[in-house]
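So the structure is just underneath, and the comments pick up after that.
What follows draws every value from the coordinates through simple rules; no lab data is involved. Just so it is clear, the model here is predicted, and its values are computed rather than measured.
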Amino acid sequence: MFPDLAGKRALVTGGTRGIGRAVVLGLAQAGATVVVGHQRQTEDAESLRRELKDTGNDHLLVQADVADPAQITELLSAAGTHLGGSLDIVVNSVGTISHIPYADLPLDAWTQVLTTNLTATHLVTQGALPLLGDSGTVVNIGSGAGLVGVPLRAHYTAAKTGLIGLTRSLSKELGSKGIRVNLVSPGVIETDQAAGMPPAARAAYTNRIPLGRLGEANEVAAVVLFLASDVSSYVNGATFTVDGGI
Ligand SMILES: NC(=O)c1ccc[n+]([C@@H]2O[C@H](COP(=O)([O-])OP(=O)(O)OC[C@H]3O[C@@H](n4cnc5c(N)ncnc54)[C@H](OP(=O)(O)O)[C@@H]3O)[C@@H](O)[C@H]2O)c1
């Protein structure tokens, strides 16, 4: 089912949990060598390290808080060194969310969510350009929330809608340099976040999803892998919703 990514070199941010983790494992199983960015030393990071060992290739996990531009520089430097100075695939999956009434939204919560979801994607992508050279593919992870707007998430939706603009502009600016830039916009996916959802909220979402269930991280990763591979060689500037038709 997965495209052949043998010999490809990839960087994935936010890769130890949820959608990012499914992307990392999918890329590795398809033959790519992957550098994974994450924030904390956790059992999730350790278990991913173990799982990656079984996929062959020499993958690397790098602890780097993307809220700190200096740590993004270190992440890119580690990726460059580990991958022999070049990259084929960048997946910006890192993100964070909070639910706060807009009237009470403090500036630090706004800044944190904008920084982690939007500014980090910009800095990682810009910093990766010398490694991508004159070919490559960038996949940004947005959110269905950024397409429709959601109460209590003004900061999150602003960041995710910003990713659409970033993706569209970069697809036009970098396309002529041989770099494709696309966005995947997941709906409600079974991740740590969904696990903490109150049963009434889960039921409300499920009732609105024509496929009658939340999505799986692997189902988002499958579309990311398509965009990361040469199978999608003429796809550029696109937004792919993976949301069960909600
Ligand atoms: N889950 C959903 O239903 C859903 C729906 C729509 C869109 N999305 C988007 O999909 C992406 C992945 O979401 P998810 O729910 O799968 O994520 P998740 O399970 O919350 O995992 C987040 C990942 O990002 C890392 N991370 C968080 N803050 C970081 C920081 N400041 N610096 C470096 N790494 C950081 C975490 O590392 P640590 O474990 O080390 O903290 C972890 O690997 C996000 O962009 C999210 O907005 C998710």
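Taking a straight Cα-Cα cut-off under 14 Å and skipping sequence neighbours fewer than 8 places away in the same chain, the aspartates and glutamates within cross-link reach of Lys8 are Asp58, Asp88, Asp230.
Using the Karplus relation 6.51 cos²θ - 1.76 cosθ + 1.60 with θ = phi - 60°, the per-residue 3J(HN,Hα) values for region 229-239 come to 9, 6, 4, 9, 4, 10, 9, 8, x, 8, 10 Hz, with x marking Gly and Pro. Helix 18-29 and the longest principal axis of the Cα set of the chain meet at an angle near 30°. Here's how it looks for Phe240: its modeled amide H is under 5 Å from those of Leu183, Val184, Ser185, which are all 5 or more places away or on a different chain. Taking a ≥ b ≥ c as the square roots of the Cα gyration tensor eigenvalues, with a/c under 1.5 meaning rounded and otherwise prolate when a/b beats b/c, else oblate, which class fits region 125-164? It comes out prolate by the Cα gyration axes. Phi angles of region 100-111 translate, via the Karplus equation with coefficients 6.51, -1.76, 1.60 and θ = phi - 60°, into HN-Hα couplings of 9, x, 4, 4, 9, 5, x, 4, 5, 5, 4, 5 Hz per residue; Gly and Pro are given as x. Between helix 217-228 and the chain, what is the angle of the helix's C-alpha long axis to the longest principal axis, kept within 0 to 90° and rounded to the nearest 10? Tilt relative to the chain: about 40 degrees.
In the elastic network of the chain, a GNM with C-alpha springs shorter than 10 Å, the most mobile of Thr96, Thr116, Thr125 is Thr96. The angle between the Cα long axis of helix 69-82 and the longest principal axis of the Cα atoms of the chain comes to about 40 degrees, rounded to the nearest 10.
Only DSSP H runs of four or more residues enter the estimate; each adds -39500 (n - 2.57), and after division by the residues of the chain the mean residue ellipticity at 222 nm equals -13500 deg cm²/dmol.
Over the C-alpha trace of the chain, radius of gyration and Dmax come out as 17.1, 50 angstrom.
The Rg/Rh ratio for region 1-125, using Cα coordinates for both the radius of gyration and the Kirkwood hydrodynamic radius, is 1.01.
Where both partners of a DSSP beta bridge lie in the chain, what percent of those bridges are antiparallel, to the nearest 5? Restricted to the chain, the bridges split so that about 0 percent are antiparallel.
Out of Ile189, Ile179, Ile100, any idea which swings most in a Gaussian network model of the chain, alpha carbons joined below 10 Å? Of Ile189, Ile179, Ile100, the most mobile in the Gaussian network model is Ile100. Annotation: amide H-H contacts under 5 Å for Leu11 (H modelled 1.01 Å from N, sequence separation of 5 or more, or interchain): Val35, Ile89, Val90, Val91. With one equal scatterer per alpha carbon and no solvent term, the Debye-computed log10 I(q)/I(0) for region 68-165 at 0.19, 0.20 1/Å reads -0.88, -0.93.
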